Amino acid sequence: MTGSVAGDQRAPTTLHTRAEEEPRSGDDDRVGRLAPSPTGPLHLGHAYAFLHAWWWTRSRGGRMRLRWDDGDRTRCRPEFEDQALADLEWLGLTWDGPVVRQSDRGDAHEAALRELSKLGVLFGCQCTRKNLVAQAAPHEGEEVSYPGTCSALGLPGPALRMRVPGSPVEVEEHCARLQDGAAVTRIDLSAEGGPFLVASRTGIPSYQLVTAVDDAAMGVTDVARGRDLLTSLGRQQLIRQRLGLGSVAAAHLPLVVDASGRRLAKRSRDLALSSLREAGVAPRAVLAWALADGPGPDCDFVGASVSEAHRQVVVNYRLPTGRSRVAPSIDALLGRS
Ligand code: GLU
């Protein structure tokens, strides 16, 4: 399938029937989501996160939604959307209901900002990233901590930060904390960067704000994504709490890294899903790799279509453990090494 899909839906013929998808007794109320940002080609790291998000929700009989995280108009391109649709189709990932576009939801984002302002939990901030970095001297890759400079100045914005409580925010996390066993965990936002931006210096609502608001509006109950966003779960949960939007169950998955341990990036095109397709990689090879220990005794993908492979996976699906997953080479995916 190609083309831009504002508000459209995959043809019903490519949707699995519920009976095919849900061999286990499911929880019909689960709603997961795929939320690609059309800012570059999707790569194996995206495939890994999307597959697990899909398996996690589908294995419990839930529905999947698709949302374009296309709020940043300067970086989004229609050709990346077309490519992402082809990637999702290649991987056999289907969705239900209308496609949501974050860029269409500006009014809801503005309303949420007004509501938070009324609650008195925001403050205007005039700090630039540059002077925050200069004050905090963070280590490379570390989040810049906000020292509270503008919190009592009564500035009107346009940049707005949300105050964080002194006590940790409780979240339901099923993956990053699997080793501890408990699904409920606590994120201390005051120790994780402190007050965070909900609107930028140009007045644009932040990732934290739009994600919390849009997940809630779509009825999302399951959020599965890379573990680099675990702290964001605390921020998004805080926003939801303040706005009375309930909570989600989350799974922050191992990050896909290259052989030298670096996270895959949209700019490294060699493991772009479109390159894998062109090289003749079978999608079921990607599915088999994405399962931590391979398909296992109950999943024999040889000769299986991609939808048959998905059906096998969801019967016995378990979330992966660990901090990272090394990406295979194209040769390995082609069965040449
Ligand atoms: N659109 C984001 C991305 O592609 C996903 C954010 C999220 O899952 O909350 O990285």
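Within the stretch 211-237, residues that are in contact (Cβ under 8 Å) with a residue 12 or more places away in the chain and under 10 Å from V248 (Cα atoms) reach partners that are within 11 Å of the ligand (Cβ to nearest atom) and among the hydroxyl-bearing types (S, T, Y) with beta carbons closer than 8 Å, at six or more positions or on different chains, in the pairs Q236/T211.
Here K130 fulfils each of the conditions (1) modelled with pLDDT under 95; (2) surrounded by 15 or more Cβ atoms within 10 Å (Cβ to Cβ); (3) among the basic types (K, R) apart from (2). Hey, any hits in the stretch 286-298 for a residue that's buried (at least 19 other Cβ atoms within 10 Å of the Cβ), touching a strand residue (DSSP E or B) at 6+ places or on another chain (Cβ under 6 Å) and not aromatic (F, W, Y)? No - not one qualifying residue is present in the stretch 286-298. All conditions but one from (1) more than 16 Å from the ligand (Cβ to nearest atom); (2) under 28 Å from F196 (Cα atoms); (3) surrounded by 15 or more Cβ atoms within 10 Å (Cβ to Cβ); (4) acidic (D, E) apply to D107; the one that does not is (3).
The selection criterion, being under 30 Å from A292 (Cα atoms), surrounded by 20 or more Cβ atoms within 10 Å (Cβ to Cβ) and not acidic (D, E), holds for V220.
Under the condition of being β-branched (V, I, T) and assigned to a loop (DSSP other than H, G, I, E, B), the residues counted in the stretch 185-209 number 2. For the stretch 139-150, the criterion of being within 27 Å of the chain's Cα centre (by Cα), farther than 28 Å from R227 by Cβ and either at pLDDT below 95 or loosely packed, with under 14 Cβ neighbours inside 10 Å (or both) is satisfied by no residue at all. Starting from residues that are free of Cβ contacts under 8 Å to residues at least 40 places away in the same chain and in contact with a strand residue (DSSP E or B) (Cβ under 7 Å, 6 or more places away or on another chain), keep the ones in the stretch 184-206 and report whichever is nearest to S103 (Cα to Cα). Looking at the filtered set, the residue picked out is S206. The combined condition, being of a type in the set (K, R), at pLDDT below 95 and within 12 Å of the ligand (Cβ to nearest atom), is fulfilled by R227. Of all residues in the stretch 145-159, none satisfies being outside any loop (DSSP other than H, G, I, E, B) and in contact with a strand residue (DSSP E or B) (Cβ under 6 Å, 6 or more places away or on another chain).
Within the stretch 176-208, the set of residues being within 19 Å of the chain's Cα centre (by Cα) and small (G, A, S) comprises A176, A183, S206. Could you grab me the full set of residues in the stretch 86-95 that are assigned to a helix (DSSP H, G or I) and surrounded by fewer than 22 Cβ atoms within 10 Å (Cβ to Cβ)? Scanning the stretch 86-95 gives A86, E89, W90.
Of the residues R263, R186, R242, R201, the single one that is surrounded by fewer than 20 Cβ atoms within 10 Å (Cβ to Cβ), within 30 Å of A332 (Cα to Cα) and either within 16 Å of the ligand (Cβ to nearest atom) or of a type in the set (D, E, K, R) (or both) is R263.
State which residue is farthest from the ligand (Cβ to nearest atom) when the search covers only the stretch 34-49 and only residues that are hydrophobic (A, V, I, L, M, F, W, C) and within 18 Å of L230 (Cβ to Cβ). The selected residue is A49.
Hey, among the residues in the stretch 61-78 that are within 11 Å of the ligand (Cβ to nearest atom), part of a loop (DSSP other than H, G, I, E, B) and among the charged types (D, E, K, R), which one's nearest to A217 (Cα to Cα)? The extreme case among them is D69.
Of the residues that sit in the stretch 170-183 and are free of Cβ contacts under 8 Å to residues at least 12 places away in the same chain and not hydrophobic (A, V, I, L, M, F, W, C), which one is surrounded by the fewest Cβ atoms within 10 Å (Cβ to Cβ)?
G181
Whenever a residue of the stretch 265-286 is within 19 Å of F80 (Cα to Cα) and of a type in the set (S, T, N, Q), its partners that are modelled with pLDDT under 90 and part of a helix (DSSP H, G or I), lying with C-beta atoms within less than 8 angstrom and at least six residues away or across chains, give the pairs S275/R269. Restricting the stretch 110-125 to residues that are free of Cβ contacts under 8 Å to residues at least 40 places away in the same chain and outside any helix (DSSP H, G or I), the residue that is surrounded by the fewest Cβ atoms within 10 Å (Cβ to Cβ) is G120.
The values are calculated or read from the model by the stated rules, or taken from the named source; none is laboratory data. Everything numeric in this text was worked out from a predicted model, so none of it was measured. Neighbour counts run over all protein chains shown; Cβ positions are idealised from the backbone, glycine included.
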